[in-house]
């Protein structure tokens, strides 16, 4: 049996750190050069500079942020990020493997909002248990499952289902034989790794609590190769080594022989040792000439094969080239394996065997397992429930090799025992044996399962297919759309043979096709396309994004009525022969104005409709004639960064932050708990900040790059442009910092390899402002800036600190006048700098790193003369930001791709880090700031903004929590049987109740449909110990600690 040579993700992580230990004293420059080479060859080098129009034309996701994140987080040793680490760490956190912060668990993060913005929603469903059709579930693609119990009310509020907070929910269904059983699918295939899945989840209590029922934990990446090199002797290095065969020469067959090193070692000229090489396997080092030249010289010297040794850390690559005269095979091995073999060859004869293999695809990283759930349906087959789930795959593009997620497990899986066991069904291949990627599942009244496909990220093939299954076991291809990609279907509730199809097509003249069949695809009708009246091309109502925002649904009572979504919504009442626009995503279009990019729709009746889009949920009570938003408390907004106004200049609480797709959001005079916000600037929101010196009262907001930088001055109520342009200068979400003392804004202004920092000196804050622009450049600025920070301690000039993409940290004195540049980072600081912060003085500098596989936390107490690594026991994950508690300097908090982590012993040689995102979950934290009263604000990518407050005690203490704790109490405490919780002057509407242990693990979860002023909770089943009860209602959170006592059983008398 042929096998694939695999190297596990855990092995990759260990290898990275071994390499670091091996090379840390001598080869930092080499590692840095390799990291730079990976970045220079980034697969996103060109796409990051494309306009939205150009990206749409190439079928590329509109979000450049993820592409830049890929570049910033790559492991410098391997040339790829390892997001599979996050799944492994998350799993361990849920088990309680990592320590939680010691101390008082009443001190936790408080959710602040926005409660009126929303975010991307794909899955929507009316609750079948509600006969009034008022209860709706909505899945946040990056923010869990949410519930609204009064959807007709414009002011109705959403509640997060706590146990789903960390899931990327993309599909939902309910058991037709037991409406208390729900299923949600996570992840999606077609957004290039933006929404990675975590399998299928199940609820048995009407959607209130959830547990995983199907799928694998994608925790290991496997490097797949097409060759295995086995060292037979000497015994000291006898082992199997991964190898990749060349793109030229004959097909590899099994061969054995002794190794001889070529002379010269790089074989860029005729070999001088042909007598030694003849009949042997030549060992050649990569470098200085083409691969075909090297192999040809070895062949002319009599070699029977070539082993090429890579000259860069990490994995072997496929040797490119073409030469029909080459008749010997060649493979490449890694530099590390090559060095081991060369070292043995100095004293012994090394004998090897090379064996060919057939992997899924050579030269890729595979994250195996069933994780990407594109769809799930539950059907009633003669009183028995059958569950069908469409398992897809996804991809991260790489410089060295792509990372494919779940391609080994794609298919349709079926369960007949409510998810306890599963079988994989038979699906035919199409074309030249292309694997179909299951996308959309539907069911018709004649017990037929229908399936549509999407394209595979591995080869771009397999889309445009529609299949049916009538025996519950085997799918048959019924129709195929030429050059089809992502395909969506909807089936009639009256005629089992009527199916509507919406298909993305790789054809510029016909980028979308709409089809209908009335006879199960014995014949097909091509439907006319709806026309979006907002100015979108007539032949494409998705505006070039049919791979992303495409959905179709038939009316449940009349199959002549069908809805289709793209940028907006369209409706046909004559079987798709003509269309009316009922909602527009852009101004100028017909129908209700809603957020653009539609993803899902569900009908309770022909009149009651909910739909999901990039802005959240919309609702119609009149069959789509009018839509209005339903986003209150749907806090799934994705923030890039955050700024906060100082109390010395503002009497209220003012917060500002840039978001994905929802502009720059401003919170004014915020109150305790959740708040609404206003859009201060449209489009994507980037850098935002308030002046901090206490004398001025203004904020700065930025669109992307340096394109639209706006200043608003509260003192005079005026606003003006600091800069406006259309160039691609700086990053998409650009780095910037504000010198509040001198009113100077510094931004990244780099373009390509021309590295620059832009200086905007704001000489007047009144009227239209006066801004003087300058440029900072120096030979030491030899890479893109990835973090900027002005020292708050130097006030009469700008002392600017600049973190670079290559790990270099620069200090620029007098950045406001005549800059003096100095490198203050150690050679060992490898990676891309994500944050720079200060301690009690300017010499105390904290630095964090974006990347996997590196030491991600650094500290100096003497201005950069000496540095200490402070990663300690922190697992391998990207670190985005850092803050020190000024009241307790050994306490430091970091924001990561898995929430916040704390240490209480930062000054130790190896700090102990505790995960402590209590109240926040495991969401990605992109930025943190501290206000002048020690209040801390965290921006998250998918759950809005949170706040807490540094104190002299352990952990954080949110001001809002203190208020809410005083409004509730628990008794008796300690408790044996029933815990009572009362709320002063409060009535709670349909509260959600959760109980946690002091490791932060969810122990018990309930909900009530009543209005309560006192809560009674049976805790008899809890083990003795300390717990936290958390009650959520009306957007507020009430928390109290309690102790569960041992139950004393008296001896019978």
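Being surrounded by fewer than 22 Cβ atoms within 10 Å (Cβ to Cβ), out of contact with any strand residue (DSSP E or B) (no Cβ under 6 Å at 6 or more places or on another chain) and at pLDDT below 95: is that true of residue 673 here? Against the criterion (surrounded by fewer than 22 Cβ atoms within 10 Å (Cβ to Cβ), out of contact with any strand residue (DSSP E or B) (no Cβ under 6 Å at 6 or more places or on another chain) and at pLDDT below 95), residue 673 does not qualify.
Per-residue answers, yes or no, for (1) buried (at least 22 other Cβ atoms within 10 Å of the Cβ); (2) touching a strand residue (DSSP E or B) at 6+ places or on another chain (Cβ under 8 Å); (3) more than 30 Å from residue 892 (Cα to Cα):
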site: 771; (1), (2), (3): no, yes, yes
site: 777; (1), (2), (3): no, yes, yes
site: 784; (1), (2), (3): yes, yes, no
site: 793; (1), (2), (3): no, yes, no
site: 800; (1), (2), (3): yes, yes, no
site: 803; (1), (2), (3): yes, yes, no
site: 822; (1), (2), (3): no, yes, no
site: 833; (1), (2), (3): yes, yes, no
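Determine whether residue 390 is under 26 Å from residue 505 (Cα atoms) and either crowded, with 19+ Cβ neighbours inside 10 Å or in contact with a helix residue (DSSP H, G or I) (Cβ under 9 Å, 6 or more places away or on another chain) (or both). Considered against the rule, which asks whether it is under 26 Å from residue 505 (Cα atoms) and either crowded, with 19+ Cβ neighbours inside 10 Å or in contact with a helix residue (DSSP H, G or I) (Cβ under 9 Å, 6 or more places away or on another chain) (or both), residue 390 comes out as yes. Looking across 474, 483, 439, 507, one residue alone is within 25 Å of residue 539 (Cβ to Cβ), touching a strand residue (DSSP E or B) at 6+ places or on another chain (Cβ under 6 Å) and surrounded by fewer than 18 Cβ atoms within 10 Å (Cβ to Cβ). It is 483. Just one of the numbered conditions (1) modelled with pLDDT of 95 or more; (2) part of a loop (DSSP other than H, G, I, E, B) is not true of residue 595: (1). Of everything in segment 140-158 that is closer than 21 Å to residue 899 by Cβ and at pLDDT below 95, the residue that is nearest to the chain's Cα centre (by Cα) is 142.
One line per residue, one yes/no per condition, for (1) touching a strand residue (DSSP E or B) at 6+ places or on another chain (Cβ under 8 Å); (2) more than 16 Å from residue 938 (Cα to Cα); (3) free of Cβ contacts under 8 Å to residues at least 60 places away in the same chain:
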residue: 602; (1), (2), (3): yes, yes, no
residue: 606; (1), (2), (3): no, yes, yes
residue: 611; (1), (2), (3): yes, yes, no
residue: 632; (1), (2), (3): yes, yes, no
residue: 642; (1), (2), (3): yes, no, no
residue: 652; (1), (2), (3): no, yes, yes
residue: 667; (1), (2), (3): yes, no, no
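For segment 993-1014, the criterion of being more than 29 Å from the chain's Cα centre (by Cα), closer than 22 Å to residue 160 by Cβ, at pLDDT 80 or above and surrounded by fewer than 17 Cβ atoms within 10 Å (Cβ to Cβ) is met by at least one residue. Restricting attention to segment 314-333, the residues that are surrounded by fewer than 23 Cβ atoms within 10 Å (Cβ to Cβ) and out of contact with any helix residue (DSSP H, G or I) (no Cβ under 6 Å at 6 or more places or on another chain) total 8. In this entry, residue 706 passes the filter for residues that are modelled with pLDDT of 95 or more, outside any strand (DSSP E or B) and either within 29 Å of the chain's Cα centre (by Cα) or on the phi > 0 side of the Ramachandran plot (or both).
If you check 392, 369 for being on the phi > 0 side of the Ramachandran plot and at pLDDT below 95, only one passes: 369. Considering 888, 880, the condition of being surrounded by fewer than 23 Cβ atoms within 10 Å (Cβ to Cβ), under 22 Å from residue 906 (Cβ atoms) and touching a strand residue (DSSP E or B) at 6+ places or on another chain (Cβ under 8 Å) is satisfied by 888 alone.
Residues are listed down the side, and each one gets a yes or a no for (1) under 32 Å from the mean Cα position of the chain (by Cα); (2) closer than 28 Å to residue 38 by Cα; (3) in contact (Cβ under 8 Å) with a residue 12 or more places away in the chain; (4) not in a loop (DSSP other than H, G, I, E, B):
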position: 812; (1), (2), (3), (4): no, yes, yes, yes
position: 817; (1), (2), (3), (4): no, no, yes, no
position: 826; (1), (2), (3), (4): yes, yes, yes, no
position: 836; (1), (2), (3), (4): yes, yes, yes, yes
position: 840; (1), (2), (3), (4): no, no, yes, no
position: 843; (1), (2), (3), (4): no, no, yes, no
position: 847; (1), (2), (3), (4): yes, yes, yes, yes
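Return yes when residue 616 is crowded, with 24+ Cβ neighbours inside 10 Å and under 30 Å from residue 943 (Cα atoms) and no when it is not. So residue 616 fits the description; yes.
With respect to the conditions (1) farther than 17 Å from residue 161 by Cβ; (2) at pLDDT 80 or above; (3) surrounded by 16 or more Cβ atoms within 10 Å (Cβ to Cβ), residue 969 falls short on a single one, namely (3).
The values are calculated or read from the model by the stated rules, or taken from the named source; none is laboratory data. From a predicted model like this one, the values you see are computed outputs, not experimental measurements. Don't worry about glycine lacking a Cβ; one is built from the backbone with ideal geometry, like all the others, and counts go over all protein chains shown.
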